[in-house]
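The values are calculated or read from the model by the stated rules, or taken from the named source; none is laboratory data. A quick note: this is a predicted structure, and the numbers were derived from the prediction, not measured. Glycine gets a Cβ as well: all are built from the backbone with ideal geometry, and neighbour counts include every protein chain shown. Note: accessible area is taken over every heavy atom of the protein model, side chains too, but ligands, DNA and RNA are not part of it. Shrake-Rupley method; radii C 1.70, N 1.55, O 1.52, S 1.80 Å.
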Amino acid sequence: QVVLVESGGGPVQAGESLRLSCAASGGTFSNYVMGWFRQAPGKEREGVSCISASIGPTKYADSVKGRFTISSDSAKNTFYLEMNSLKPEDTALYYCAVDDPYSGSFCDARTYDYWGQGTQVTVSS
């Protein structure tokens, strides 16, 4: 069993930055993918960004390309989402998640196995 805990969310103004962190424990990962997802009021959960644990591709939603960066630190069992140039439409509850073993769908929330509790990001104009 894997436990994920997000942190780093909060209220910010448009144009500012935040870094979200996801600390993982309770499992030994092999072929897996990590991802950040978000859900805003009235909208379905969407994939924001995902990254392979091994050398491979990353994926970003079109709405965040060029502004958000996903990264990982295996020594700390932690992965991150650096969010720059935040916009009010980025306001959502952000979740980290792990797809382990890799399902074959890189950033599809329906295939992820482990989820954090969520951290709120609120961007004001």
**OP:** Could you name every one of the strands (runs of 3 or more DSSP E) located completely within the stretch 1-73 that has at least 2 residues being of a type outside the set (V, I, T) and open to solvent by 20 Å² or more (accessible area, probe 1.4 Å)?
**Re:** 10-13, 18-25, 46-52, 58-60, 68-73
Subject >> Residue count, the stretch 50-85 (criterion: within 23 Å of Q13 (Cα to Cα) and under 15 Å from the mean Cα position of the chain (by Cα)) >> reply: 15
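Can you say whether T122 is among the hydroxyl-bearing types (S, T, Y), modelled with pLDDT of 95 or more and crowded, with 16+ Cβ neighbours inside 10 Å, as far as the supplied structure shows?
Judged against the criteria, T122 is not a match.
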**OP:** Go over the candidates S63, S71, S105 one by one and state the one that is more than 17 Å from V2 (Cβ to Cβ) and touching a helix residue (DSSP H, G or I) at 6+ places or on another chain (Cβ under 7 Å).
**Re:** S105
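If we keep just the residues of the stretch 74-105 that are part of a loop (DSSP other than H, G, I, E, B) and among the polar types (S, T, N, Q), which is most open to solvent (accessible area, probe 1.4 Å)?
N77
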**OP:** Output yes when any residue across the stretch 27-48 is modelled with pLDDT of 85 or more, closer than 16 Å to D99 by Cα and acidic (D, E), and no when none is.
**Re:** yes
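Do we have S71 as of a type in the set (S, T, N, Q) and either free of Cβ contacts under 8 Å to residues at least 24 places away in the same chain or touching a Gly at 6+ places or on another chain (Cβ under 6 Å) (or both) here? Spell out how you get there, then give the answer.
Details: of a type in the set (S, T, N, Q): yes; either free of Cβ contacts under 8 Å to residues at least 24 places away in the same chain or touching a Gly at 6+ places or on another chain (Cβ under 6 Å) (or both): yes.
When the stated conditions are applied, S71 passes them.
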Subject >> Residue count, the stretch 106-125 (criterion: in a strand (DSSP E or B) and not aliphatic (A, V, I, L, M)) >> reply: 6
